[in-house]
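S.K.: My structure is below; once you've seen it, I'll send some questions.
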Amino acid sequence: MRSTYLLPLVLPFLSVVSAAPAINATTAEALPACPDRSTATYDYIVAGAGAGGGPIAARLALKGWKVLLIDAGHDHVNVNTTVPLYLVRASEDPQIQLDYNVKHYPPGDPNQDLTWYPRATAIGGSVIHNALINLIPHKWDFNQIQSMFATSRGSRTTTTFRNCWGNSKDMAMMDGWTLSSLPFLLLGPSNLDAQLATVFGAVIAEKLPIPGDWNVWANDEVSGGGFVIMTKKEDGTRSSIRDHLVKTKTDKPTRLTFQTDTLVTKILNCRETDGSIRAYGVQTVVAPTGESLLPGSPRFTGKFTNPTYTTFTAKNEIILSTGPFQTPQTLMLSGIGASTQLLNNGIDPLIDLPGVGENLQDRVEEVVLWHLKKDHKIWDGCVLGETAASDPCLAEWQNDGHKNLYSSSAAIYAWSHKSDNSLPYRDVFSFWTPAAFKGYYKGWGEETASDHRAFVNVILKAHTKAKGWVRLTGNHPQDTLEINKNQFQTPESLNDLHVVREEMKKSRQFAQNSLLFKANVDAEVFPGPNVQTDEELDEFIKKNQWGHHACCTAKMGVESDNMAVVDNNFKVYGVKGLRVLDNS
């Protein structure tokens, strides 16, 4: 499985000769001559303070470089971003909420839909609202990169890539900025629940725990069960890149500067004396107080018409880390992308990189949800309230060392295996937890908080085969995007659907065959008894599946790959001084 934490940690890869994508001579000639960058205030400008931009900004500052970190959100700390289980509220916290509308299928598909895709805009990005599940990539991921860029000069080994994984700190990892731990023990002395203990016992007995956990390197291809590692600090609160950024800024106030509530509208490029193109700065707009400049925010009040632009320049590089949707948008608004699409949107092409915004990938996820016969005792008195005065559980959590249900994450136990034994990686994760989760839709958190009898199996198919796109709908930086996953349109992608269907059948079979599990179940409520045949399950999945790990819209590849956007140093082909460092 990919992780949004990987890219910033492996910056010093091999050197390769950059590709020479087509440069539009007319647009290039119109660029200004490159200024004297030695007078710039900052060494590096990083756009995006999430899982990609956050770590690289902090690391550069700690190495002594002067860094400007720009984000369209601001620093936001409350119960939603610090109490682990409040992840069910965080996606609709108006201070950080960022809504995208995503289609799963191409135009004309009878199952076409428009799905809510929640992200976060803030210092820390989506890491302050995610499900706190911490899983490292497979060796296969690292080996693919190593193989792709192997040259006569040699190649970094998998061990070297593995050692770059310095974000997390737990029994299997090296020291880093994110703390992680096993999930909170739900069944403490104050909430003994024989029903829940029995149900979890049945799930664990079906697939016994592997040695250690899923983040132990030796378990890379080991199938079985295991407790889900979560990103949580020792005091029971959420751990995220936000904490590391704030600490770095405090420790190095002259080295790291936050520029918040600020939208990067385009990359500023110039022409070197040898005719090459260089990125030397960014053009930005600062939001009015209390507003957001991003159209997906509930604080968005409309597109600006005559903005006041503020420009920032850097001595060394511009690093774009605004995520798999906004990163390609910013590149295209800067004239970097498929020439035809740029021209169709009234943008003068500068660098013809047809891969910008293409190759969108995501997981396929679906659930089987049951109601147990009794309410969970762990939910007694818990309402996920905003204050301790309105929520006895929050009061207990705050006053008793953060030791109750609220220190849990979205999943407690998981099964994982290969859908096909010939695969070099485990591509199926099957998460189990006592919650009413059916996917992401407006109000999902409220339903989860109010249904205290639910027990869910969330099935995730990784290493999926669909290739979608992120495309412009106009040349204004606040225009919404056309985001389409293009799923289930090829035999390979259709196999992803079939894998999820078979996993749902396995879950149902377990629920029927396990006497301990079955004895405590009242009914399956989703998909429910009316969805039984393979055809009915396939249609159900098509209408209800989702994913929330979008990636790959600025593809890394060798210079001979026409769809590659960046090389193995994350440098954008055809532009000096510009890198993409996020899960694009």
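S.K.: Evaluate Rg over Rh across the chain, taking Cα atoms for both radii and Kirkwood's formula for Rh.
M.R.: Across the chain, the Cα-based Rg/Rh ratio is 0.96.
S.K.: Exceeding 23 Å between C-alpha atoms, which entries from my cross-link table qualify? They are LYS377/LYS461; LYS232/LYS506; LYS442/LYS485. The partial results should precede the final answer.
M.R.: Working: LYS377/LYS461 32 Å; LYS232/LYS506 31 Å; LYS442/LYS485 20 Å.
Result: LYS377/LYS461; LYS232/LYS506 exceed 23 Å.
S.K.: Can you give the calculated 222 nm mean residue ellipticity of the chain, where each DSSP H run of n ≥ 4 adds -39,500 (n - 2.57) and the sum is split over every residue, rounded to the nearest 500 deg cm²/dmol?
M.R.: Working: 15 runs with 134 residues, N = 584.
Mean residue ellipticity, 222 nm, calculated: -6500 deg cm²/dmol.
S.K.: Okay, next question. LEU472 accessible area, nearest 10 Å², 1.4 Å probe?
M.R.: 10 Å²
S.K.: Can I ask one more? Leaving out ligands, DNA and RNA but keeping every protein chain, what accessible area does GLU92 have, in Å² rounded to the nearest 10, with a 1.4 Å probe?
M.R.: 70 Å²
S.K.: I would also like to ask the following. Ignoring ligands, DNA and RNA, how do ARG119, ARG238 rank by accessible area with a 1.4 Å probe, largest first? Kindly include the intermediate steps, with their values, before the conclusion.
M.R.: Numbers: ARG119 55, ARG238 5 Å².
From most accessible down to least: ARG119, ARG238.
S.K.: Once you list every other residue whose beta carbon is under 15 Å from the beta carbon of CYS34, what net charge do they have if Lys and Arg are +1 and Asp and Glu are -1?
M.R.: On the way: positive: ARG37, ARG271, ARG278, LYS315, LYS576; negative: GLU29, ASP36, GLU272, ASP274, GLU317.
Result for the neighbourhood of CYS34: 0.
S.K.: If contacts are Cα pairs under 8 angstrom and at least 6 residues apart, what is the relative contact order of the stretch 346-401 in percent? List each step's numbers first, then the result.
M.R.: Numbers: 20 pairs, mean separation 8.9, N = 56.
The normalised contact order for the stretch 346-401 reaches 16 percent.
S.K.: Which percent, nearest 5, of DSSP beta bridges in the chain are antiparallel?
M.R.: Of the beta bridges lying entirely in the chain, close to 70 percent run antiparallel.
S.K.: Follow-up question, since we're still on this one. Mind checking the dipole of the stretch 430-584: about its Cα centre, +1 per Lys or Arg Cβ, -1 per Asp or Glu Cβ, Debye to the nearest 20? Each step should come with its number before you reach the end.
M.R.: Values: 19 positive and 20 negative charges, 67 e Å.
In total the dipole reaches around 320 debye.
S.K.: Compute the distance from the alpha-carbon center of the stretch 31-73 to that of the stretch 345-415, in whole Å.
M.R.: 31 Å
S.K.: Right, another one. In what order, largest first, do LYS542, LYS461 sit by accessible area if the probe radius is 1.4 Å?
M.R.: Details: LYS542 50, LYS461 10 Å².
The ranking, largest first, comes out as LYS542, LYS461.
S.K.: How much length, in nm to one decimal, is gained on full extension between HIS498 and THR289, taken as 0.36 nm per residue of separation minus their Cα-Cα distance? Don't skip to the end; give the middle numbers.
M.R.: Numbers: separation 209, 0.36 × 209 = 75.24 nm, distance 4.90 nm.
Between HIS498 and THR289, full extension yields an extra 70.3 nm.
S.K.: Further, regarding this structure: In a shell of Cβ-Cβ distance under 14 Å around LEU69, excluding LEU69 itself, what net charge do Lys and Arg (+1) and Asp and Glu (-1) give?
M.R.: Working: positive: ARG59, LYS66, ARG242, LYS247, LYS249, LYS252, ARG255; negative: ASP43, ASP71, ASP75, ASP261, GLU317, ASP582.
Net local charge, LEU69 excluded: +1.
S.K.: Shifting gears a bit: Could you tell me what a quarter of the Cα convex hull surface of the stretch 468-533 works out to, in nm² with one decimal place?
M.R.: Details: hull surface 30.7 nm².
The Cα convex hull of the stretch 468-533, projected and averaged over all directions, gives 7.7 nm².
S.K.: Please compute P(r) over all alpha-carbon pairs of the stretch 225-270, binned at 10 Å starting from zero, and give each bin as a whole-number percent.
M.R.: Percent of pairs per bin, in order: 19, 29, 29, 15, 7, 0.
S.K.: Could you check the spin-label model distance between LYS373 and ASN111? Points 7 Å from the Cα along Cα→Cβ, value in nm.
M.R.: It works out to 3.6 nm between the two label points.
S.K.: Tell me the accessible surface of ARG453 in square angstrom (1.4 angstrom probe, heavy atoms of protein chains only), to the nearest ten.
M.R.: About 70 Å², rounded to the nearest 10.
S.K.: Tell me the volume per residue, in Å³, of the convex hull enclosing the alpha carbons of the stretch 377-530. Intermediate results must be reported in sequence, preceding the final value.
M.R.: Details: hull volume 31.2 nm³, N = 154.
Hull volume normalised by residue count: 203 Å³.
S.K.: Something else now. At 1.4 Å probe radius, can you tell me the per residue accessible area of the chain in Å²? Could the numbers behind the result be given before it?
M.R.: Working: 22840 Å² over 584 residues.
In whole numbers, the chain has 39 Å² accessible per residue.
S.K.: Size of the dipole of the chain about the Cα centre, Lys and Arg at +1 and Asp and Glu at -1 on the beta carbon, nothing else charged, in debye to 20?
M.R.: On the way: 54 positive and 61 negative charges, 247 e Å.
That gives a dipole near 1180 debye.
S.K.: Here is a follow-up. Between ASP534 and SER223, what FRET efficiency follows from the Cβ-Cβ distance if R0 is 25 Å, with the result rounded to 0.05?
M.R.: Details: r = 24 Å, r/R0 = 0.96.
With R0 = 25 Å, the Cβ-Cβ based efficiency is 0.55.
S.K.: Taking 2.2 N^0.38 Å as the expected size of a compact globular protein, what ratio does the Cα radius of gyration of the stretch 439-556 give against it, to two decimals?
M.R.: 1.33
S.K.: Among residues other than ARG271 whose Cβ falls under 12 Å from its Cβ, what is the net charge (Lys/Arg +1, Asp/Glu -1)? Write down the numbers at each step before the final one.
M.R.: Details: positive: ARG278, LYS576; negative: GLU29, GLU272, ASP274.
So the surrounding residues net to -1.
S.K.: If you don't mind, another one. Out of the total accessible area of the chain (probe 1.4 Å, heavy atoms of protein only), what percent is carbon and sulfur?
M.R.: Numbers: 11730 of 22840 Å².
Roughly 51 percent of what the probe reaches on the chain is carbon or sulfur.
S.K.: By how many degrees, 0 to 90 and rounded to 10, does the Cα axis of helix 53-62 deviate from the longest principal axis of the chain?
M.R.: Helix 53-62 and the main axis of the chain meet at about 70 degrees.
S.K.: Starting from the residue with the highest accessible area, list GLU291, GLU536, GLU503 in decreasing order, probe 1.4 Å.
M.R.: GLU536, GLU291, GLU503
S.K.: Specify, per residue and in Å³, the volume enclosed by the convex hull of the alpha carbon atoms belonging to the stretch 29-114.
M.R.: It comes to 199 Å³ per residue, whole-number rounded.
S.K.: Relative contact order for the chain: what is it in percent, counting Cα pairs under 8 Å that are at least 6 residues apart? Intermediate values should be presented prior to the final figure.
M.R.: Numbers: 1359 pairs, mean separation 127.1, N = 584.
Relative contact order for the chain comes out at 22 percent.
The values are calculated or read from the model by the stated rules, or taken from the named source; none is laboratory data. Values in this document were obtained by computation on a predicted structure and should not be read as measured data. Cβ: placed from backbone, ideal geometry, glycine included. Neighbour counts: every protein chain shown. Each accessible area value is taken on the protein alone, full model and side chains, heavy atoms only, with ligands, DNA and RNA left out. Shrake-Rupley method; radii C 1.70, N 1.55, O 1.52, S 1.80 Å.
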